[in-house]
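The numbers here are math on the coordinates, done by the rules we state, and not lab data. Here the structure is a predicted model, which is why all the values come from computation and not from measurement. Positions of Cβ are generated from backbone atoms using ideal geometry, with glycine treated the same way; all protein chains shown enter the neighbour counts.
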Amino acid sequence: MTQKIGLISDVHATPSPVREAMSIFYKQGVDQVVCAGDIAGYGEDLEQTIDLLVKNGCRSILGNHDAWYLETRVDEKTTGVDRFLGNLPKVLKLTIEGVKLYFVHASPPRSMMNGIHLLDESGQVMTDQKKVWADYLSEFEYDVLVVGHTHQVFTEKLRNTMVINPGSTKFNHTCAILSLPEMTCQVIPLSGKQPIAVWNWGIFRANGNNPPPHFL
């Protein structure tokens with residue numbers, strides 16, 4: 001039986017595209033929704049964004065902007081937003097229809113900063129980076145890896161793992177639906193805007209292009 005997983009990431013405190021994504025997921029009969037982190041940052045309506053995630057039963061993981069937000073709240077009175085973000089795991093592992101899935105914001109095992117950059121500035125796959133990350137994942141024991149962080153939109157098979165970045169709902173104007181056990185992924189545009197395969201190429205140039213020297 002086919003199970004559909006709605007995928008969003010890097011929603012960045014901007015509720016409108018999240019609301020649209022949830023509507024699309026509902027119409028498409030999605031069974032569950034997962035957000036790959038960075039709920040906070042950039043936007044100005046974090047509380048409403050979180051409310052949308054909660055009301056739609058979206059499971060979420062911690063992103064770097066979420067961690068940074070919590071760091072600024074150390075001496076402040078605890079709020080519902082603080083509790084929500086503070087309870088987010090860095091990693092989510094699921095098995096659906098016999099398919100093993102791993103969700104992390106940037107890259108496994110638990111990185112929120114070392115993002116998987118596979119696309120160049122024009123949105124084309126960089127062969128050298130695909131090989132680097134394929135080698136990095138050579139011993140990875142999951143069928144699907146879902147990440148965010150880099151604001152790149154891709155679905156690429158790296159060794160034995162399908163790696164998916166659904167892109168940022170805010171900046172790439174995208175969400176995605178993963179169908180299991182077929183392991184097909186459909187990227188869906190949001191806000192009536194042209195999807196942007198790569199947003200802020202400068203992040204890649206500033207942070208370099210190599211993963212950590214070892215996997216675990």
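Side notes on the structure shown:
- Centroid-to-centroid separation of segment 9-26 and segment 118-185 [C-alpha atoms, Å]: 20 Å
- Two-decimal ratio, segment 3-207, of alpha-carbon radius of gyration to 2.2 N^0.38 Å: 0.96
- Simple spin-label estimate for ASP82 and LYS55 in nanometres, 7 Å along Cα-Cβ: 2.5 nm
- Taking the chain as a Gaussian network of alpha-carbon nodes connected by springs under 10 Å, the highest mean-square fluctuation of the residues LYS100, LYS90, LYS27 belongs to LYS27.
- Straight-line cross-link partners of LYS77 among the aspartates and glutamates, defined as a Cα under 16 Å from its Cα and at least 8 positions apart when in the same chain: GLU47.
- Listed cross-link partners LYS90/LYS170; LYS131/LYS193; LYS100/LYS170; LYS4/LYS100 are compared with a 24 Å cut-off, the Cα-Cα value being larger for LYS131/LYS193; LYS100/LYS170.
- Calculated FRET value between ASP75 and SER23, using beta carbons and R₀ = 41 Å, to 0.05: 0.60
- In the chain, helical runs assigned H by DSSP with n ≥ 4 each contribute -39500 (n - 2.57); averaged across all residues and rounded to the nearest 500, the mean residue ellipticity at 222 nm is -7500 deg cm²/dmol.
- Chain lengthening between GLU44 and LYS93 when straightened (0.36 nm per residue, less Cα-Cα): 14.6 nm
- Working from Cα pairs under 8 Å separated by at least six residues, relative contact order for the chain is 23 percent.
- Spin-label model, TRP68/THR184: points 7 Å from Cα along the beta carbon direction are separated by 3.9 nm.
- Per-residue Cβ neighbour rank within 10 angstrom, fewest leading, PHE140, PHE25: PHE140, PHE25
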